1. Report yes if some residue within segment 19-38 is at pLDDT below 85, closer than 30 Å to Lys144 by Cβ and of a type outside the set (A, V, I, L, M, F, W, C); otherwise report no.
2. Where in segment 51-154 are the helices (runs of 4 or more DSSP H), entirely inside, with at least 2 residues that are under 29 Å from Asn11 (Cβ atoms)?
3. So which of Ala110, Ala45, Ala138 ends up being closer than 27 Å to Val25 by Cα and of a type in the set (A, V, I, L, M, F, W, C)?
4. With the structure loaded, tell me whether Ile145 is more than 18 Å from the chain's Cα centre (by Cα), loosely packed, with under 10 Cβ neighbours inside 10 Å and in contact (Cβ under 8 Å) with a residue 12 or more places away in the chain or whether it fails that test.
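The values are calculated or read from the model by the stated rules, or taken from the named source; none is laboratory data. For clarity, every value in this text was computed on a predicted model and none was experimentally measured. Methodologically, a virtual Cβ is constructed for each residue, glycine included, from the backbone with ideal geometry; neighbour enumeration extends over all protein chains shown.
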Amino acid sequence: MREAIKVWVRNEKQIEEAIINGEKVEVVESDFGANEFVVDFLKEAGFWNIITGMRLKMGKNNGYSSKIILGTLIMKELLYIGKLSGVGKIIQDGKLMADIGFNIEKIKKAEKEDKGVIDLGTLRNHLKKIPQDESDKAFYQHIKILRDKGEKVEIWL
């Protein structure tokens, strides 16, 4: 017999009403506080799709969407985590991982096993798949967004 499919819907208004009404709600918290809003800001500003949309060199399929792996790597950089080995606090943060795009079931399973949602080796291998020209293209698209918003941006090479 097949297991029932679970669907989680992210509806802030409905969640707010449930909390106000005293209903039981399941919460995935973030250890990063205000930083959890970084993903929303990047999406609203138009940066997220550029960064996570970089086309990769073909390689072994690791079972993850390129967008969520790139999203994880973006957060590593934005939260000033130096070496890849320090990314544990990000990949174990359920709220942040949900915002990036990992499904709740995978997050809950990783929490029960007290490990990250994605393996460090997978992240490391993914970095090797990003061609320099795609990285350059993403950089200049970001500059364009900033300039379109009226920001003065100079590039010194």
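1. Scanning segment 19-38 turns up at least one residue that is at pLDDT below 85, closer than 30 Å to Lys144 by Cβ and of a type outside the set (A, V, I, L, M, F, W, C).
2. 66-78, 88-91, 94-100, 104-112
3. Matching residue, one of Ala110, Ala45, Ala138: Ala110.
4. no
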